[in-house]
Structures are given as structure tokens and as C-alpha cells.
Amino acid sequence: DWQLQNVLKEEIEKVSKMVGPDDHVICALSGGVDSAVAATLVHRAIGDRLHCVFVDNGLCRYKERERVMATFEKDLHLPVTCWDATEQFLGKLKGVVDPERKRKIIGAEFIAVFDEFSHKLEREIGKKPAFLVQGTLYPDVIESCPPPGSGKSHSHTIKSHHNVGGLPPDMQLKLVEPLKWLFKDEVREMGKLLGVPASFVSRHPFPGPGLAVRIMGDVTQGNALETIRLADEIFINSIKEAGLYDKIWQAFAVYLPVKTVGVQGDKRTHSHAVALRAITSEDGMTADWYHFDGKFLADVSSKICNTVRGINRVVYDITSKPPSTVEWE
Ligand code: XMP
């Protein structure tokens, strides 16, 4: 696409002009497409004066940290620090059940970790980083600054998403937002132009608060994290094997804090249930549940019950958005 190629070239030039020759830039990589594309673009413009961090908050999916770090380092050659903050996040989340409190805690903890990273960097390079890269897209810009008279405002927020504008005000970083005029499909195309692997570019969206909003109740309860990681991995792999991944906007497993009675190997069990959710959507604002055929669901269900310890029941979510939201919390 020559048009997008030109946009890319212009954006790279803009970034090189905006960032002074001695300025350093920081960027938090979430593991998603937007931040990866934004960082790669900025890296083309200013090289290793870009400093990225990937924060492992302990709420990542199965092998997520290893997988995204491999993409950043081997495919994209990005300068990235992997920051393990698992204990810090899980410690703060212990015993917390309320969904909004979980989100607030995760948002605040993320800011604290990012602040720590930026101070450590400052000691290393001998000056304060001056800019912050964000993978803001055009729809984020519209959603966070609703046009006057549209009747929308921040006070109508249904869930507190923590990826837009969520950094400490005293950080005094200027923003670099090279994707802020683009839609998601354009970002994916631009990613391909920048050498982001196709499998990474087509990844389903994943919420900032991670598995915390997919484990109902306390995220640190029992083996919830480990269990949901395995169930989710089985579900996603089955979807990929069936060739359905790109037809689905998002798919995932949810941990239910209820125990139900089952019978496995002639024995009575009293174990947890997981819910599966898969949706189609244009933009995440509205969604329909994905109509799998019965055999597919039956196969996934038996695979999960047979391989994931502590699970004896699988249910499928057949609710659209509205009335439900995409995530369960
Ligand atoms: P909901 O659950 O609000 O989700 O219907 C709509 C879309 O947004 C994603 N989502 C988030 N993304 N930070 C994010 O970056 C968040 O805090 C967050 N919460 C939900 C969700 O996965 C779906 O794609």
C-alpha cells in the first residue's frame, strides 16, 4: 500500500524532528499490536535513544511474557527491559473482589512501576527521558475527548480503562503518538510494513488489567491464575486449529469462583467451572457471541476437563454486548 508507506515515512520524519538529537524516549509495551507498532516506528526514527519496558504484572496469559519478549527482541530488534512486577501486583490484589477496585489498583501499580523504570533509566543515561510513546489510535482520541454536544463524557465511563492518559502528571513527558490518525486495520497494515510478524499483527485485543478481569473474585484464590491460563490456551489453540482465529474479534476463558459437582473416572468431584467467551465485533463497542458448531464446543469442553486439573464443567457465554460487556468484569 503506497499510501500507507508514505504516511509511515512522514511519521518517521516527524518523530525525528520532534525529538531532539540528545533526547531520550520511553515506551511501555503491552504486548498488543498498537504499542509494538508505535515503538517500532519510533525506533526507526531515533534508534536506541528509545527505551521500552514490558511489565509482567503476573496477570499475563500462558507463556505470554516469553512470547512477546521473543517478538520484541528477535523480530523487531527493540531495546526492551522485561520488568517482573508479579509479586508487587498480586500482593496488592490479594483479597480484592470488586472489579473497579481491581482496575484502580492495577492502574496505580502500573504507574508506580513505570515511574520506577523511568528513574532507573535516568540514573543510567544521566538525564531525564523527555518523551513518552503511546500507541493511541484515532478511535481512542475520539472516545476520550467526546465531541461537545455528543452527550458523552468521562462520568459515563462503564469501566475505567487504564491505557489512555493514565500516567502521573508530574512526569512531564511530552507525548509521541505516531498512530493517532489511524484506525486499527491501518495500524495492522503499517505493522506489516515495519516487519511485525503477521501472527502478531492479527492478535486479538487483550485488556490492560489482564486476567484480573477474567477471574471472578480474588485473582490470587487457589490455582485460579494457573487454571485459567491453561483453559484459555486450549480454547485459543482449538480456535486456531479450526481456522477460526481471524473470524473472531476476541476469545477467552473466564474463571468462575463456584464449585459444581461432577463425575470423573467414576469418582464424584467438586471442582470449579470455567466459562468460554468468543465474540464478533467491529470495534468492541457492540458485539455478538460467536456461533460455534456444537462439535467444536464439545471437543474443547472435553479437552479442558480432561487436561486442566480442578475443572469439571465448561459453559459457553451466549450474551451479546449490550446487555453484557465483552469482559466479565
Ligand atoms: P468491554 O468489557 O468494556 O470491552 O465491553 C471492550 C473492549 O475493550 C477491552 N478492554 C480493555 N482494554 N484496557 C484495555 O486496553 C482495559 O482496561 C480494558 N477493559 C476492556 C476488551 O477486551 C474489549 O476488547
Connecting every pair of Cα atoms under 10 Å apart in the chain and solving the GNM, the largest mean-square fluctuation among G217, G32, G243 falls on G243
The residues R229, R44, sorted from fewest to most surrounding Cβ atoms within 10 Å, come out as R44, R229
Given a Förster distance of 45 Å, the FRET efficiency implied by the Cβ-Cβ spacing of S16 and E241, rounded to the nearest 0.05, works out to 0.55
Given pairs K184/K259; K74/K120; K180/K321; K92/K303; K295/K321 and cut-off 32 Å on Cα-Cα distance, the over-length ones are K184/K259; K92/K303
Here, E143 and E116, labelled 7 Å along Cα→Cβ, have an inter-label distance in nm of 2.9 nm
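Kindly give the semi-axes, whole Å and largest first, of the ellipsoid equivalent to the stretch 2-135, taking each as the square root of 5 times a Cα gyration tensor eigenvalue.
Working from the Cα gyration tensor, I get semi-axes of 29, 18, 14 Å.
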Computed D for the stretch 173-296, Stokes-Einstein, Kirkwood radius over alpha-carbon pairs, 25 °C, 0.890 mPa s, to the nearest µm² per second, is 143 µm²/s
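Mind pulling the per residue volume of the convex hull built on the Cα atoms of the chain? Å³ is fine.
Details: hull volume 48.3 nm³, N = 329.
For the chain, the hull spanned by Cα atoms encloses 147 Å³ per residue.
Any read-out appearing in this document is the output of simple, stated calculations on the displayed coordinates, not a laboratory observation. Keep in mind the model is a prediction, meaning the values are calculated, not measured. With ideal geometry, Cβ positions are generated from the backbone for all residues, glycine too; neighbour counts draw on all protein chains shown.
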